[in-house]
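Just so it is clear, none of the values below were taken in a lab; they were calculated from the coordinates. Predicted model, so just to flag it, every value in this text is computed and none were measured. Neighbour counts are summed over all protein chains in view; Cβ atoms, including those assigned to glycine, are modelled from backbone coordinates with ideal geometry.
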Amino acid sequence: MIPRYASNDIPIRLERSMLFVPASRWSMVEKASASAADAVCLDLEDSVAPDEKAASRANIIRAFSELDFGRRVRMFRINGLDTPFAYRDLIEVVEAAGNHIDLVMVPKVSSPEEVNFVDLLLTQIEMNCGLTRRIGIEAQIETAAGFLNLREIAQSSARLEALIFGPGDYAASMQMPSSGIGEFDAHDDAYPGHRWHAAMHAIVAAARANGLRCLDGPYSGFKDAAGFDRSCRIALALGFDGKQCIHPSQLEAANSHFTPASEEVARAERIVQAYEKAIAEKRGAISLDGKMIDAANLRMARVVLEKHRLSLTKLTEGETHV
Ligand code: COA
Ligand code: MG
């Protein structure tokens, strides 16, 4: 496999907030299709009981075929490749509704071969059914092996669009005590620093080096707005593009955290203007508002402006998917 460092072939998608919905819960699926989420992920994995898997696949097919998701990114999560469900999840859902699906999320990705397997199976289904839109893949990094194999996973497939941190399963895999998924508890006080730092930082680096998006995992305490806020701020500070949500009440906060504030955008525009003028005057470092500005500030400002531009593509009511 040739390593891929360019991002040009990855569709640009807004994923400040991704709402998880158990595919077994039809009323929640309907609600999610009209929610404030940038992306909706219908789940077949951990939020669906084993006896409900087959009926839930049918719900996903119905949802993507019949409901209007507007311009929200439409995706579903298959079961892990170490279960008997995964191959049928892919074949049944994609054969029936592939033209209405943007992405497949693969949980507990521990090696590049797992992404390759999903890629190959999708290719087979697309060929057989004559699907014309390429379905992308998002990989959850939530095992010790996934963390160690991040570099290879991030370069594994041209379909790969994003890496996602999964704090619940990661804690289990690493045997790190944790009282909730992604939540803060007494164990955080015992560790000087942030317990997920190494994994989160490595995920962002692997994503950026390969032109992929990266999302932080969920925060299960959906009544703890302050905790969710803190979790979003940490993810934003580390460079993540957005956050998975498990309840509609978390969506507005995620959207707002991962949209650059207007003052930040105004400052970025001033930096670009001032720096372009400086370069025209053959100066590489200048002073702006009492601070040194050089080419690194220009690059940081462009990141802010790009995120701002992307956030303006947010769907408006009544718009349909393109
Ligand atoms: N997507 C869409 N709608 C949701 C939702 C979700 N993830 N979570 C809650 N809602 C809806 C409820 O159906 C309810 O709608 P209603 O007022 O029309 O009846 C409303 O939001 C309020 O829900 P609430 O009563 O506060 O929560 P709940 O007790 O019904 O559900 C959970 C709580 C945690 C079970 C539910 O939020 C959930 O299943 N979340 C997703 C779990 C998941 O996908 N996990 C896998 C990834 S970690
Ligand atoms: Mg998980």
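When restricted to residues that are more than 9 Å from ligand 1 (Cβ to nearest atom) and acidic (D, E), the range 15-46 contains 2. For the residues A278, A274, A296, A268, the requirement of being outside any strand (DSSP E or B) and touching a residue at least 24 places away in the same chain (Cβ under 8 Å) singles out A268. Looking only at the range 95-119, which residues are within 16 Å of ligand 1 (Cβ to nearest atom) and β-branched (V, I, T)? Within the range 95-119, V104, V106, V109 meet the criteria. Considering only the range 144-160, I want to know if a residue exists there that is of a type in the set (V, I, T) and within 16 Å of ligand 1 (Cβ to nearest atom). Scanning the range 144-160 turns up no residue that is of a type in the set (V, I, T) and within 16 Å of ligand 1 (Cβ to nearest atom).
For D119, the conditions (1) closer than 19 Å to R213 by Cβ; (2) touching a helix residue (DSSP H, G or I) at 6+ places or on another chain (Cβ under 8 Å); (3) without any contact (Cβ under 8 Å) to a residue 60 or more places away in the chain all hold with the exception of (2). Annotation: E66 fulfils all but one of (1) more than 16 Å from ligand 1 (Cβ to nearest atom); (2) touching a strand residue (DSSP E or B) at 6+ places or on another chain (Cβ under 6 Å); the unmet one is (2). Only a single criterion out of (1) free of Cβ contacts under 8 Å to residues at least 40 places away in the same chain; (2) touching a Phe, Trp or Tyr at 6+ places or on another chain (Cβ under 6 Å) is not satisfied by C214, namely (1). In this structure, R77 does satisfy being within 16 Å of ligand 1 (Cβ to nearest atom), basic (K, R) and under 17 Å from the mean Cα position of the chain (by Cα). If we keep just the residues of the range 36-61 that are of a type outside the set (A, V, I, L, M, F, W, C) and under 17 Å from the mean Cα position of the chain (by Cα), which is nearest to ligand 2 (Cβ to nearest atom)? Across the range 36-61, the extreme among qualifying residues is E45.
Evaluated against (1) under 22 Å from the mean Cα position of the chain (by Cα); (2) outside any helix (DSSP H, G or I); (3) among the polar types (S, T, N, Q), S173 falls short on exactly one condition, (2).
Name the one entry in V109, V118, V48, V104 that is out of contact with any Lys or Arg (no Cβ under 7 Å at 6 or more places or on another chain) and assigned to a helix (DSSP H, G or I). Result: V118 is the single residue among V109, V118, V48, V104 that is out of contact with any Lys or Arg (no Cβ under 7 Å at 6 or more places or on another chain) and assigned to a helix (DSSP H, G or I).
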